[in-house]
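Undergrad: Dumping the structure here so I can ask a few things about it.
Quick note: the coordinates plus some simple rules give every number you see, no bench work behind them. What you are looking at is a predicted structure, and each value in this text was computed from that prediction instead of being measured. FYI the Cβ positions are ideal-geometry reconstructions off the backbone, even for glycines, and counts take in every protein chain you see.
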């Protein structure tokens, strides 16, 4: 006989549909995203950009004068971060955050859909976008999320496993790391 208490999986498992809806609401509260890119010399670069979302993809309209633009175009990969404000977080160690590992694709000015995405930018961010549209150094980039992670506290981390971002799992399914003084996973 086992000395470990039995647990009912249905009562101890988080409601993944509810978690998915929560992370969608969390992401909807942002108008900018933070990006981690990597340069040709391997140097990391942290930056941010305003974004719009369409059909599960994130779009940024960025200047070639920015380091991150060359990194995005040349490497074709980016890590994106949405993170809760420090002022609203219960504690700095448990700020809610959502990260995506994305594939990057440049959208050419003459391609179908280019103008429609920039119209979304103009609707969301106003008249400045009309000016930026005319600048030759600005590039429209599609960030296609391939996988991600949503962390809402200790022991409350969820992997987002599919391209459509609709299949998530609690990270305890694939292992956990114990935090000293806390019997829940990070």
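Undergrad: At residue 18 and residue 130, where each label point lies 7 Å from the Cα along Cα→Cβ, what is the point-to-point distance in nanometres?
TA: The modelled label-to-label distance comes out at 4.7 nm.
Undergrad: A follow-up question, please. Separation of region 49-68 and region 90-104 by C-alpha centroid, Å?
TA: 18
Undergrad: Calculate the spin-label point distance for residue 65 paired with residue 103, positioning each point 7 Å from the Cα along the beta-carbon direction, and give it in nanometres.
TA: 3.3
Undergrad: When you count, for each residue, the other Cβ atoms within 10 Å and take the mean per peptide, how do 17-28, 62-73, 138-149, 85-96 rank with the highest first? If you can, show how the numbers build up before the last one.
TA: Values: 17-28: 14.1, 62-73: 17.6, 138-149: 19.2, 85-96: 11.0.
By packing density, highest mean first, the sequence is 138-149, 62-73, 17-28, 85-96.
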